[in-house]
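What follows is a short report on a single structure.
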Amino acid sequence: MSDRLSFATWNINSVRLRMPIVEQFIETYQPDVLCLQETKCPDANFPFAPLRKLGFEHIEINGQKGYHGVATASRRPLSNVEKRGFCDMGDSRHLAADVSFGDGYFRLHNFYVPAGGDEPDPVINDKFAHKLKFLDEMQAWLGGTEAPSIVVGDLNIAPYEEDVWSHKKLLKVVSHTPLECERFEQVRESGPFVDMMRRFVPMDEKLYTWWSYRAKDWSAADKGRRLDHVWVTPQMEPSVREIRVIRDARGWERPSDHAPVITVLECE
DNA sequence: ATGGTCGCTAAGCGA
């Protein structure tokens, strides 16, 4: 059966505060599935109604008060929902579900990897140690994935030189240190997963999904990083038609500091 | 080299 499906991943930095631009995004780009991170919303307060009104009848959430939280909203049913804990922290940073595509299904993992604090030394910075441990657990769990699978989310690492505005200036900045970038690649290769964004954008071209709130003019300064990712298992790669970073959304009213990334899948 | 801005939830922490 031929099929076409689009999904988006977006660190929304408070889903309740951001509902106006979530609605704007859905109306403009019409994704079939929307994976959100940093919902910062207890499950009891999640804005189900406006999403259902926009056609997202299937909504699965893994939230907590104040911090973190992920949600996957879909026009298609979501089955075998799984919310995995990492590092025994009680953090809400993952949700997986099966999504129908063509004659079968793929497993869609929605991740929010710890940011890792400021100091790039796991010995003196517990948050950075936690980030590295989280990657270890991701690899132990996702290594050798056989089912058609997609990993999306805010992975909080910009692994390649052109994934940041200045490779040299960010070598000691958490998100681009050699230590975590190497670990990141090991996790991806253990899948194995294909870095789909870089399949569409050459390695020598800048590619960002996040721009700090602290810049006076984020777009003019353009000091971005590619913190959000789309990985697919090799058997899914031929189905990926297109990936777009919706940079415009970073400039909308009361924006998230992350831009959404849309992926289009198609099969014959 | 430093500080710059957000969002939580009610002063400071996390990003």
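The relative contact order of the stretch A:113-171, computed from alpha carbon pairs under 8 Å that lie at least 6 residues apart in sequence, is 27 percent.
Directionally averaged projected area (the stretch A:42-89, Cα convex hull): 3.9 nm².
Taking label positions 7 Å along the Cα-Cβ direction at both A:N125 and A:Q24, the computed distance is 3.3 nm, reported to one decimal. Evaluated with a Cβ-only charge set (Lys, Arg +1; Asp, Glu -1), chain A carries a dipole of roughly 800 debye about its Cα centre, given to the nearest 20.
Computed over the alpha-carbon atoms, the stretch A:68-226 gives an Rg to Rh ratio of 0.97, Rh here being the Kirkwood radius from the mean inverse distance. Phi angles of the stretch A:57-63 translate, via the Karplus equation with coefficients 6.51, -1.76, 1.60 and θ = phi - 60°, into HN-Hα couplings of 7, 10, 10, 10, 10, 9, x Hz per residue; Gly and Pro are given as x.
Legend: calculated FRET efficiency, A:K83 to A:Y213, from the Cβ-Cβ distance at R0 = 30 Å, rounded to 0.05, equals 0.55. The aspartates and glutamates within cross-link reach of A:K65, meaning a Cα-to-Cα straight distance under 12 Å and a gap of 8 or more places when in the same chain, are A:E38, A:D43, A:D91. Would you mind telling me which residue in A:S92, A:S256, A:S166 has the biggest mean-square fluctuation in a Gaussian network model of chain A, where springs connect alpha carbons within a distance under 10 angstrom? Greatest mean-square fluctuation among the candidates belongs to A:S166.
Where is the GNM fluctuation largest for chain A (alpha-carbon springs, 10 angstrom cutoff): A:L17, A:L108, A:L227? Answer for the Gaussian network model of chain A: A:L17.
With the helix formula -39500 (n - 2.57) applied to DSSP H stretches of n ≥ 4, chain A reaches a computed 222 nm mean residue ellipticity of -6000 deg cm²/dmol.
When chain A is treated as a Gaussian network with alpha carbon springs shorter than 10 Å, the biggest mean-square fluctuation among A:C87, A:C181, A:C35 belongs to A:C87.
Only Cα pairs under 8 Å and 6+ residues apart enter the sum, and on that basis the relative contact order of chain A stands at 20 percent.
Its residue count N sets the reference 2.2 N^0.38 Å, and the alpha-carbon radius of gyration of the stretch A:153-252 equals 1.10 times that reference. In terms of its C-alpha gyration tensor, the stretch A:98-173 has a prolate overall shape, because the principal axis ratio a/c (a ≥ b ≥ c, square roots of the eigenvalues) is not below 1.5 and a/b outweighs b/c.
Taking a ≥ b ≥ c as the square roots of the eigenvalues of the Cα gyration tensor, the stretch A:1-127 is classed as prolate, since a/c reaches at least 1.5 and a/b is larger than b/c. Checking the a/c ratio against 1.5 first, then a/b against b/c, what shape does the Cα gyration tensor give for chain A? Note, shape of chain A comes out rounded. Computed over the stretch A:119-159, the Cα gyration tensor eigenvalues convert (square root of 5λ each) into semi-axes of 25, 12, 6 Å, ordered from largest to smallest.
Bear in mind these aren't lab numbers, they're just calculated from the coordinates by the rules spelled out. In this text the structure is predicted, and so the values were computed from the model without any measurement. Cβ atoms come from the backbone with ideal geometry, glycine included; neighbour counts cover every protein chain shown.
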